[in-house]
Amino acid sequence: MATFLSHETCPTIKNILLLDSEGKRVAVKYYSDEWPTNSAKLAFEKSIFSKTQKTNARTEAEITMVENNIIVYKFIQDLHFFVTGGDEENELILATVLQGFFDAVTLLLRNNVDQREALENLDMILLCLDEIVDGGIILETDSSIIAGKVATHSIDDGAPLSEQTISQALATAREHLTRSLLK
Amino acid sequence: MAQPLVKKDDDRDDEADYSPFLGIEKGAVLQEARVFNDPQLDARRCSQVITKLLYLLNQGDSFTKVEATEVFFAVTKLFQSRDNGLRRMVYLIIKDLSPSADEVIIVTSSLMKDMNSRTDMYRANAIRVLCRITDGTLLTQIERYLKQAIVDKNPVVASAALVSGIHLLQTTPEIVKRWSNEVQEAVQSRAALVQFHALALLHQKGLGLFDPDQQNILLNLQIRQNDRLAVSKLVTSLTKGTVRSPLAQCLLIRYTSQVIRETGVNSQTGDRPFYDYLESCLRHKAEMVIFEAAKAITELSNVTTRELTPAITVLQLFLSSSKPVLRFAAVRTLNKVAMTHPMAVTNCNIDMESLISDQNRSIATLAITTLLKTGNESSVDRLMKQITNFMSDIADEFKIVVVEAIRSLCLKFPLKYRSLMNFLSNILREEGGFEYKKAIVDSIVILIRDIPDAKEGGLLHLCEFIEDCEFTYLSTQVSFYLSRIPSYLVALCFSQILHFIGNEGPKTSDPSKYIRYIYNRVILENATVRASAVSTLAKFGALVDSLKPRIFILLRRCLFDNDDEVRDRATLYLNSLGDGSVAETDKDVKEFLFGSLDIPLTNIETTLRNYEQNPTEEPFDIYSVPREVKSLPLVEKKAPGKKPTALGGLPPAPTSASDAYERLLSSIPEFANFGKIFKSSVPVELTEAETEYAVNVVKHIFDQHVVFQYNCTNTIPEQLLENVTVIVDASEAEEFSEVGVKPLKSLPYDTPAQTFVAFEKAEGVPAVGKFSNTLRFTVKEVDTSTGEAEDDGVEDEYQLEDFEVVAADYILKVGVSNFRNAWESMDPDTERIDEYGLGPRESLVEAVNAVISLLGMQPCEGSEMVPSNSRSHTCLLSGVYIGNVKVLVRLSFGMDATKEVAMKLAVRSDDVNVSEAIHEIVASG
């Protein structure tokens, strides 16, 4: 676990959590050492989950505060996405990270975003988290770039296309499409 | 390629709980990890196993040192594979295993090879992994590659190197600082996020330079200057549209605020450097940037209304956004602004009111509390109506915030106590947890204490509350009991309420009406509450003679209670109050039964603990408990640790410091009958810093008395001071006569303690004067090795500085939110106007500040801020004069070419004499 950087100025993410509909972990990342033990982490996840459980965060990202942390969150199917930051952090930056994560996962899971699919492709989820934030510092927020980085990793050394999975091929195609649209 | 766990079967209906990791076990997975050692690597299978390992780590499983080392060594073998997907997983698990230094060496060469690979993804990831796990020694070897990577044409590689640089700055700043040129180049990058990361690193580097451990202060200052220039250059060069990412723009806004903080307002023009830049960001196309800029503006120190306006305007637009995050961000910021500039936020009130019904309850609560801060007297009733609908569907934690906001609103507009008190008593009866109920009861108690008019109504509300609870307890079980609050807590709460009714009830116009409520408790409640009720009844009996016969009848009935404590109390009271006779109860008896315990409870606790630990035949002697309050709890120290609660919370209760003083002084019997403190000054230092004894004084003003509280600290470890007093020479304060001294028994090293001197003065008169002080004490030598003091001491004195009691000590700073309304609601006949020449002054600012501090009143509506270069200015002040007389002051200043300042002073108050007194203060000041 990287130690939490006490940057006063740089936008900082404290953690990204992906929980299931019972509040259990699918994948979590802590960038702050505020929660030193696993039980502290679980308690934090529990309080966030129970506080947000009854809200409707399915169309727009929602927001609340827990223990002086800002929590932005979004739900889809049986998956609950959370991004948290300190109480001085710009809420909209956190929301952008959340949206990046959420959309990248949607791309990678080919719109079948649910717990089962996420667990079956846990490697992709973990790589995705790795590409969004590094030690609390935002690496990338554009979902198509994030998904692209996760999915295209076998293209560089010219692995034959047949070895790519359908998901990768799709994601690659989608990425190329978005890029060409953006130009 | 690794897509190990994908199963594309669609028949998932009958296995709702299906998980690919069902029944996963650490031991088995560690066994599986042996495939890493196979001569013929199966990349897909290896990836699967790594994913399982990562899953275990992610779920909170931990590996023992041996297990982690074994896995790590096995993983290093996987660098042989050329499979890209597998390599990515290897990078991930190396980071998660956080290997020790001697293990790192094993992978260093593999990672360094990847850092120079022609594959961008390898380069970027290898940099991040290596920088994460390495210590400083290795860094010098790879520094060359990192510098190259910063200017790599692939943005992912450049970002990886820059972000790693930001992390490394924490551990090895001296190396990262050498990368200046490359970072500067990266700031100009065309890739949006590279620019952001470069900017972040650049500034972190700047901060690194200020580390006081490494630089002497002089050098430090110089660099700071240079750095400011550098940042301002940076800001200037980057504001021309070359900043590509909104994130970078936000960062730039934060740097700019930092530069503004360090430079302050230009005293000549009154302008802030870079304010224009912040303002221009309000028109940026990204909401993130607009909000960052608006937030930065609201957080500027001493921000003026003019500066605030554009920021408030954009925040107001956000209030009606369809995105909850945006609404939340805006309302939270406005809520903070409302604490310091309530007037600036009133424009948003309409939008704010519509947020009360927001789906997101955090937003609704913030909106309500903001409205409570900005609302004026006339809008209170309408607001309360809206809140009533809202309260039923929010969680307790939000309700508490609202209750606290209502309490401060009521203290602000005492005239509105009726509707606010009604509101509190209504919600008291609705469903809710203990903390929430307690917050309501506490609020009612505070309002009863501070608003005399509210006393009778408030007491009845409390009575009805305990009555209703009983009712619901027996029948429908709503209210208190539904929330399954432990009954001892309910009893505690009831006992507190009964105690309070006992203190306040007898002082009301018709004490008899409370008796019924109290006696009902004796009939219906459990033993704890019954006992409290008996004491409360007795209090009424002792203090209200006309009620005595009836009370006696009730008390006699309690003699047959089935609880010992209740019977004992009833017997005690009946006997000591003079059973049966209507004769006036002896004053000593009253004092004995109902006098407040003048010993701090914590002291009793410590003494009792000691008594218990040293078993002795002697009975416990209450007089052996020290009466001094150990140290001032609230005044000097701020509560450590956590910031105020979520949701921006409330401003810290303005009464907390004075509450502490109040408690401190009322615990001293000599001062107990002085009444309520009107005002306590801020501490005035009477010694230079770093002298042998540090003393400061707090002036407590009472109606007829003044008490000086000398806070003393002994800074010499070898000394113990005893019998510490302050000898006050009041020859230059003729209107005061000394009435009491409270010496300090002992003053050990580094333990602050207080001694007091009390003076009497004519009632309600703002007497002024100068006081000279000498500290007198007995010094005893202390052996620092054993901590024991010698038996014999020497008398000594120590000269302290003089201080004065001035007119401002008699005026409380109490603001009004709408000065014009307040002014016009006051009787024009009380107005007194005069003009004064203030002589030549440097600037109008100086003149305005001088008058404000002379009067010690609260400037309203930000009118203390004088626009630069203005030749005239109007300043509005508000306050409460001793005797609880509201005073409003309107000051008009003018300055002529020779810098001669003239001032017109208009005063309105509830009492003409006070208006005149204010003029006298100014005339003599």
- prompt: So which residues in region B:773-797 are surrounded by fewer than 18 Cβ atoms within 10 Å (Cβ to Cβ), part of a strand (DSSP E or B) and in contact with a Ser or Thr (Cβ under 8 Å, 6 or more places away or on another chain)?
  reply: B:ARG776, B:VAL794, B:GLU795, B:ASP796, B:GLU797
- prompt: Among the numbered criteria (1) within 14 Å of chain A (Cβ to nearest Cβ); (2) modelled with pLDDT of 90 or more, which single criterion is violated by B:ARG361?
  reply: (2)
- request: Would you check which residues across region B:687-706 are of a type outside the set (Phe, Trp, Tyr), closer than 20 Å to B:VAL741 by Cβ and under 29 Å from the mean Cα position of the chain (by Cα) and list them?
  value: B:VAL695, B:ASN696, B:VAL697, B:VAL698, B:LYS699, B:HIS700, B:ILE701
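Regarding A:LEU42, is this residue crowded, with 20+ Cβ neighbours inside 10 Å and modelled with pLDDT of 90 or more? Outline the logic, then answer.
Values: crowded, with 20+ Cβ neighbours inside 10 Å: no; modelled with pLDDT of 90 or more: yes.
Here the answer is no, as A:LEU42 does not meet what is asked.
Please work out if B:PHE674 is of a type in the set (Phe, Trp, Tyr), touching a residue at least 60 places away in the same chain (Cβ under 8 Å) and within 22 Å of B:GLU760 (Cα to Cα). Show your work before the answer.
Details: of a type in the set (Phe, Trp, Tyr): yes; touching a residue at least 60 places away in the same chain (Cβ under 8 Å): yes; within 22 Å of B:GLU760 (Cα to Cα): yes.
So B:PHE674 fits the description; yes.
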statement: Taking region B:881-895 and keeping residues open to solvent by 30 Å² or more (accessible area, probe 1.4 Å) and under 23 Å from B:PRO840 (Cα atoms) leaves B:ARG890, B:SER892
message: If I go through region A:57-66 residue by residue, how many of them are at the interface with chain B (Cβ under 7 Å from one of its Cβ atoms) and not in a strand (DSSP E or B)?
response: 2
message: For region B:285-296, give me the residue count where each residue is surrounded by fewer than 19 Cβ atoms within 10 Å (Cβ to Cβ) and facing another protein chain (nearest Cβ under 10 Å).
response: 1
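Conditions tested, residue by residue: (1) touching a Leu at 6+ places or on another chain (Cβ under 9 Å); (2) over 27 Å from B:VAL885 (Cβ atoms); (3) of a type in the set (S, T, N, Q).
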{"site": "B:VAL695", "(1), (2), (3)": "yes, yes, no"}
{"site": "B:LYS699", "(1), (2), (3)": "no, no, no"}
{"site": "B:ASN711", "(1), (2), (3)": "yes, yes, yes"}
{"site": "B:SER731", "(1), (2), (3)": "no, yes, yes"}
{"site": "B:GLU734", "(1), (2), (3)": "no, no, no"}
{"site": "B:SER737", "(1), (2), (3)": "no, no, yes"}
{"site": "B:VAL741", "(1), (2), (3)": "no, yes, no"}
{"site": "B:GLN754", "(1), (2), (3)": "yes, yes, yes"}
{"site": "B:GLU760", "(1), (2), (3)": "no, no, no"}
field: Those residues of region B:374-395 which are in a helix (DSSP H, G or I) and open to solvent by 50 Å² or more (accessible area, probe 1.4 Å), in sequence order
entry: B:GLU377, B:SER378, B:ASP381, B:ARG382, B:LYS385, B:GLN386, B:THR388, B:ASN389
- request: Go through region A:22-53 and give me each residue that's at the interface with another protein chain (Cβ under 10 Å from one of its Cβ atoms) and without any contact (Cβ under 8 Å) to a residue 12 or more places away in the chain.
  value: A:LYS24, A:THR37, A:ASN38, A:SER39, A:LEU42
- prompt: Of the residues that make up region B:181-193, is at least one within 8 Å of another protein chain (Cβ to nearest Cβ) and crowded, with 24+ Cβ neighbours inside 10 Å?
  reply: yes
task: Please specify each residue of region B:52-65 satisfying the condition of being under 41 Å from the mean Cα position of the chain (by Cα) and more than 9 Å from every other protein chain (Cβ to nearest Cβ).
output: B:LEU56, B:LEU57
- request: With respect to B:THR774, determine if the residue is under 12 Å from B:GLN719 (Cβ atoms) and out of contact with any Pro (no Cβ under 8 Å at 6 or more places or on another chain).
  value: no
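Residues checked against (1) among the aliphatic types (A, V, I, L, M); (2) open to solvent by less than 30 Å² (accessible area, probe 1.4 Å); (3) not in a helix (DSSP H, G or I):
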position	(1), (2), (3)
B:LEU326	yes, yes, no
B:ARG332	no, yes, no
B:ASP351	no, no, no
B:GLN359	no, no, yes
B:LEU372	yes, yes, no
- prompt: Are any residues in region B:37-51 buried (at least 23 other Cβ atoms within 10 Å of the Cβ) and more than 9 Å from chain A (Cβ to nearest Cβ), and if so, which ones?
  reply: B:CYS46, B:VAL49
statement: Screening B:LEU838, B:LEU905, B:LEU877 for residues that are under 26 Å from B:LYS373 (Cβ atoms), in contact with a strand residue (DSSP E or B) (Cβ under 7 Å, 6 or more places away or on another chain) and not in a helix (DSSP H, G or I) leaves only B:LEU877
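Could you list, in sequence order, the residues of region A:109-136 that are more than 7 Å from every other protein chain (Cβ to nearest Cβ) and either among the hydroxyl-bearing types (Ser, Thr, Tyr) or more than 29 Å from A:CYS10 (Cβ to Cβ) (or both)? Give the derivation first.
Within region A:109-136, the subset more than 7 Å from every other protein chain (Cβ to nearest Cβ) is A:109-115, A:117-118, A:124-125, A:128-129, A:131-133, A:136.
Within region A:109-136, A:LEU109, A:ARG110, A:ASN111, A:ASN112, A:VAL113, A:ASP114, A:GLN115, A:GLU117, A:ALA118 meet the criteria.
Restricted to region A:45-61, and to residues that are closer than 18 Å to A:THR106 by Cα and in contact with a strand residue (DSSP E or B) (Cβ under 6 Å, 6 or more places away or on another chain), which residue is surrounded by the fewest Cβ atoms within 10 Å (Cβ to Cβ)?
Checking each candidate, the answer is A:ARG58.
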- request: Take region A:91-108 and flag every residue that is under 20 Å from B:ALA192 (Cβ atoms) and facing another protein chain (nearest Cβ under 7 Å).
  value: A:LEU92, A:ILE93, A:ALA95, A:THR96
message: Please go through region A:16-51 and give me each residue that is polar (S, T, N, Q) and either over 20 Å from A:ASP130 (Cβ atoms) or out of contact with any Phe, Trp or Tyr (no Cβ under 8 Å at 6 or more places or on another chain) (or both), ordered by number.
response: A:SER21, A:THR37, A:ASN38, A:SER39, A:SER47, A:SER50
message: Considering only residues that are open to solvent by 30 Å² or more (accessible area, probe 1.4 Å), farther than 18 Å from B:PRO766 by Cβ and not basic (Lys, Arg), which ones fall in region B:896-915?
response: B:ASP896, B:ALA897, B:THR898, B:GLU900, B:ALA902
statement: Restricting region B:679-697 to residues that are in contact (Cβ under 8 Å) with a residue 60 or more places away in the chain and open to solvent by less than 30 Å² (accessible area, probe 1.4 Å), the one nearest to B:ASN714 (Cα to Cα) turns out to be B:TYR693
query: Within region B:297-316, how many residues turn out to be surrounded by fewer than 24 Cβ atoms within 10 Å (Cβ to Cβ), within 14 Å of chain A (Cβ to nearest Cβ) and outside any loop (DSSP other than H, G, I, E, B)?
result: 2
- prompt: Taking B:PRO173 and the conditions (1) within 14 Å of another protein chain (Cβ to nearest Cβ); (2) surrounded by 20 or more Cβ atoms within 10 Å (Cβ to Cβ), which numbered condition does it fall short on, given that it satisfies the others?
  reply: (2)
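Out of B:ARG128, B:ARG87, I need the residue that is within 12 Å of chain A (Cβ to nearest Cβ), in contact (Cβ under 8 Å) with a residue 24 or more places away in the chain, within 47 Å of the chain's Cα centre (by Cα) and in a helix (DSSP H, G or I). Which one? Full working, then the answer.
Working: B:ARG87 fails: within 47 Å of the chain's Cα centre (by Cα).
Answer to the selection: B:ARG128.
Residue-by-condition table, conditions (1) surrounded by fewer than 24 Cβ atoms within 10 Å (Cβ to Cβ); (2) of a type in the set (Val, Ile, Thr); (3) assigned to a loop (DSSP other than H, G, I, E, B):
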| site | (1), (2), (3) |
| --- | --- |
| A:THR84 | no, yes, no |
| A:GLU89 | yes, no, yes |
| A:ALA95 | no, no, no |
| A:ARG110 | yes, no, yes |
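The values are calculated or read from the model by the stated rules, or taken from the named source; none is laboratory data. If you're wondering where the values come from, they're calculated on a predicted model, not measured in any experiment. Note that we place each Cβ from the backbone using ideal geometry, even for glycine, and neighbour counts take in every protein chain shown. The protein model used for the area step is the full one, side chains on, heavy atoms only, and it has no ligands, DNA or RNA in it. Shrake-Rupley method; radii C 1.70, N 1.55, O 1.52, S 1.80 Å.
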